[in-house]
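Shown next, in structure tokens, is the structure this report addresses.
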Amino acid sequence: MVVIDIHDKKPIYMQLVDGIKEQVLKGFLKPGDKIYSIRQLASELSINPNTVSRAYAELERQKIIVSARGRGNFINENLSFEKDEVKREELANVLSKFCVEWNFAGYNQEELHELIIDIYKTI
């Protein structure tokens, strides 16, 4: 189940998108799996159905889920992890800002490598 943090600055719909993507990467959700309906997930998380609908629309845009009219929403069976240069540049910018903050927090490159390795072990 996706965990929502109402105190997080990130919009709730993006927390849902990120949470579902993480569940796919960790294998909790597999290609072809049916996911909660918009109303079910909204009820389960006590959030507005429009928020879930927005998250599902974004996941569908990213080709993470597919919608089958009258049957529900499913994890895309043809899910692929293709390299995307535009996304790479976007992530490189985020990582660059993170590295500046990392250094100002007193950590070094080796400690960052260790952290990344530890994170990859959990996904």
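The values are calculated or read from the model by the stated rules, or taken from the named source; none is laboratory data. Computed from a prediction, not measured in an experiment: that's the story for all the values here. Cβ atoms come from the backbone with ideal geometry, glycine included; neighbour counts cover every protein chain shown. These accessible areas exclude ligands, DNA and RNA; they are computed on the full protein's heavy atoms, side chains included. Shrake-Rupley method; radii C 1.70, N 1.55, O 1.52, S 1.80 Å.
Carbon and sulfur atoms: what percent of the 1.4 Å accessible area of the chain do they account for?
Details: 4970 of 9510 Å².
Carbon and sulfur: 52 percent of the exposed surface of the chain.
At a Förster radius of 22 Å, what calculated FRET efficiency corresponds to the Cβ-Cβ distance of residue 40 and residue 18, to the nearest 0.05? Could the numbers behind the result be given before it?
Values: r = 19 Å, r/R0 = 0.88.
According to the calculation, E is roughly 0.70.
Counting only heavy atoms of protein chains, what accessible area per residue, in Å², does segment 19-105 have with a probe of 1.4 Å?
Numbers: 6570 Å² over 87 residues.
Using a 1.4 Å probe on heavy atoms only, each residue of segment 19-105 averages 75 Å².
Once fully extended, how much extra length lies between residue 78 and residue 91, figured as 0.36 nm per residue of separation less the alpha-carbon to alpha-carbon distance? Please list the in-between numbers first.
On the way: separation 13, 0.36 × 13 = 4.68 nm, distance 2.38 nm.
Gain on extension, residue 78 to residue 91, equals 2.3 nm.
Between segment 48-123 and segment 1-33, how far is it from one alpha carbon centroid to the other, in angstrom?
10
Rounded to the nearest 10 degrees, what's the angle between the helix 85-104 long axis and the longest principal axis of the chain, both from Cα atoms, 0 to 90?
Value to nearest ten degrees: 50.
Just to confirm a number: summing +1 for Lys and Arg and -1 for Asp and Glu over residues other than residue 82 whose beta-carbon lies under 14 angstrom from that of residue 82, what do you get?
On the way: positive: 63, 83, 87, 88; negative: 84, 85.
Taking every Cβ under 14 Å from that of residue 82, the sum is +2.
Find the lysine pairs in the chain meeting two conditions, Cα atoms under 14 Å apart and a separation of 8 or more places or different chains, and report how many there are. Walk me through the numbers on the way to the answer.
On the way: 21/30; 21/63; 26/121; 30/63; 63/83.
So the count works out to 5.
For residue 18, what charge total do you get from the other residues with a beta carbon under 15 Å from its beta carbon, if Lys and Arg give +1 and Asp and Glu give -1? All intermediate terms of the calculation are to be shown ahead of the outcome.
Details: positive: 9, 10, 21, 26, 54, 61, 87; negative: 5, 8, 22, 58, 90.
Summing Lys/Arg as +1 and Asp/Glu as -1 gives +2.
Once you have the Cα-Cα distance between residue 121 and residue 60, take 0.36 nm times their residue separation minus that, and quote the gain in nm to one decimal.
Values: separation 61, 0.36 × 61 = 21.96 nm, distance 2.74 nm.
Extra length from residue 121 to residue 60 when fully extended: 19.2 nm.
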